[in-house]
1. Would you please put 33-44, 90-101 in order of how densely packed they are, using the mean number of other Cβ atoms within 10 angstrom per residue and starting with the highest?
2. Taking θ as phi - 60°, what are the ³J(HN,Hα) couplings along the stretch 75-85 by the Karplus curve (6.51, -1.76, 1.60), each to the nearest whole Hz, with x for Gly and Pro?
Amino acid sequence: MISWITTPVIGDTPAMLEPWARGADVVLRGYSGYNTRWVLKVLDRVFPVSQGGDGGTETAPIALTVFFGANDACLPNRCSAFQHVPLHEYKENIGSTVSFFK
């Protein structure tokens with residue numbers, strides 16, 4: 001975490017992290033190539049609910065940013081069609097992802 005403080009701001013992530021530095025635990029999770037359908041299958045393993053002392057999430061996050069959509073929007077008739085998620089399913093998946101943290 002120290003490295004982003006000493007480097008120039010590139011992109012949005014450092015700018016979003018700076019106000020929380022030393023005041024909150026910031027957890028970044030990135031899975032290259034994932035779409036919203038796939039993330040629902042691993043969400044409970046990536047952010048486990050604590051049963052007491054196991055290192056899981058004990059409280060709901062106070063802030064959450066979800067970046068999905070580029071892989072879901074892959075065209076269904078191209079080589080990356082396996083990542084395509086129809087719009088109606090995408091909306092449901094985003095809702096389920098946000099509901100997981102409530």
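1. Details: 33-44: 15.5, 90-101: 13.8.
Packing order, densest peptide first, comes out as 33-44, 90-101.
2. Karplus values, whole Hz, x for Gly and Pro: 5, x, 10, 10, 5, 9, 4, 5, 8, 4, 10.
Just so you know, all these numbers are worked out from the coordinates, no wet-lab data involved. All figures in this text were calculated on a predicted structure; none of them were measured in a lab. All Cβ positions, glycine included, derive from the backbone under ideal geometry; neighbour counts span all protein chains shown.
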